[in-house]
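Worksheet: one structure, shown below.
The values are calculated or read from the model by the stated rules, or taken from the named source; none is laboratory data. Please read these numbers as outputs of a predicted model, since none were measured by experiment. Cβ sites come from the backbone with ideal geometry, for glycine too, and all protein chains shown count toward neighbours. The protein model used for the area step is the full one, side chains on, heavy atoms only, and it has no ligands, DNA or RNA in it. Shrake-Rupley method; radii C 1.70, N 1.55, O 1.52, S 1.80 Å.
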Amino acid sequence: EFYPDNIEFIPDNISIKKLKEEIEEIEREIYSMHDVNLLAEEEYKTLEKDYFEKIDAYKDLKESIDKLRESIRIMEERGKIQYIDFLELFKEELKNVSGFLMGGEIKIKPLDEKNILESELVIDVSPSGKKVRSVLLLSGGERSLFALTVLFALAKLSPSILFALDEVDAALDDANTLRFRSYVEKLSETSQVLIITHNKRTMEIASRVYGITMENGISKIYGIKFES
């Protein structure tokens, strides 16, 4: 029989039978549980240590990511400043070279002012005596002059000891060829210029000329050095 030790009397509205059934059900649940894991405390400590190690590793990783993002932000800001400064110098050199080589005016600006580092550049060209228009609408000779203007402007900002030009004067008429070779002579004062060309007027300014001919199916190279 079941007699609770801490109850002196049982109210009439409580069933002893029901209480016994509930107690038996609780006992069955207890007995159905697995055996007590005596290593649970040690396993908990191991898991706890592993958990905090991962937390520390996560904090270190997050800190590294934050530092990397900050470094990228700083580099982007510096890059933006340097790019803007370079773009202004480039615009000035374009103006100088254009005035010497093709006349007219060249305007260049970023398409997206808010994202200047990744933005495309919009270029408008107004050759001498013509309205401002897209580069795509220029004639072959005008495109050649424009490309040479950009090249020579960059060469002024970032000098090199050697420039190799391949048939860049092919689309130029005589007047523009004279302008082109005048600038090449100016450029050759500080750099060596190698030009591949069929234009006789361009060849006239060369200090050395090399030609290739074929005899009996064999290519031969001939060189001529002009007196300075």
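Please give the helix 16-32 orientation as an angle from the longest Cα principal axis of the chain, in degrees from 0 to 90, rounded to the nearest 10.
50
Starting from the Cα of ASP50, step 7 Å along the direction of its Cβ; do the same at ILE84; then give the gap between the two resulting points in nm.
Here the answer is 5.3 nm between the modelled labels.
Based on the Cβ-Cβ distance of GLU92 and ILE221, what FRET efficiency does E = 1/(1 + (r/R0)^6) give at R0 = 45 Å, to the nearest 0.05?
FRET efficiency, GLU92 to ILE221: 0.60.
If I build a Gaussian network model for the chain, linking alpha-carbon pairs within less than 10 angstrom, which residue out of ARG181, ARG73, ARG28 has the largest mean-square fluctuation?
ARG28
Report, in deg cm²/dmol and to the nearest 500, the calculated mean residue ellipticity at 222 nm for the chain, where each DSSP H run with n ≥ 4 adds -39500 (n - 2.57) and the sum is divided by the residue count.
-17500 deg cm²/dmol
Heavy-atom accessible area per residue, the chain, 1.4 Å probe: how many Å²?
Here the per-residue accessible area is 80 Å².
If I compute solvent accessible area with a 1.4 Å probe over the protein chains, what percent of it on the chain is carbon and sulfur?
55
Once you have the Cα-Cα distance between LEU136 and LYS200, take 0.36 nm times their residue separation minus that, and quote the gain in nm to one decimal.
Taking 0.36 nm per residue and subtracting the Cα distance, the gain is 20.2 nm.
Given labels modelled 7 Å from the Cα in the Cβ direction, how far is it in nm from ILE116 to ILE16?
Label at ILE116, label at ILE16, 9.5 nm between them.
Taking N as the number of residues in the chain, what value does Rg over Cα atoms divided by 2.2 N^0.38 Å take?
2.45
Expected output is a single nm value to one decimal: the length gained when fully extending between LYS107 and ARG179, i.e. 0.36 nm times separation in residues minus the C-alpha distance. What is it?
Gain in length upon complete extension: 23.8 nm.
Within segment 99-144, which trypsin sites (Lys or Arg not before Pro) sit in a loop by DSSP and count at most 15 neighbouring Cβ atoms inside 10 Å?
LYS130, LYS131
Where is the GNM fluctuation largest for the chain (alpha-carbon springs, 10 angstrom cutoff): ILE81, ILE16, ILE123?
Answer for the Gaussian network model of the chain: ILE16.
Of GLU93, GLU24, GLU204, which is the most mobile in a GNM of the chain whose springs link Cα atoms less than 10 angstrom apart?
Looking only at GLU93, GLU24, GLU204, the largest GNM fluctuation is found for GLU24.
Tally the DSSP beta bridges in segment 108-228 and give the antiparallel ones as a percent, rounded to 5.
Antiparallel bridges make up about 70 percent of those DSSP assigns within segment 108-228.
Quick check: residue separation of LYS67 and ARG208 times 0.36 nm, minus the Cα distance between them. What number comes out in nm?
Working it through step by step, the gained length comes to 45.1 nm.
How many percent of DSSP beta bridges within the chain run antiparallel, rounded to 5?
Close to 75 percent.
Pop out the ³J(HN,Hα) list for segment 85-97 in order, Karplus 6.51 cos²θ - 1.76 cosθ + 1.60 with θ = phi - 60°, rounded to Hz; leave Gly and Pro as x.
4, 5, 4, 5, 5, 5, 4, 5, 5, 4, 5, 5, 5
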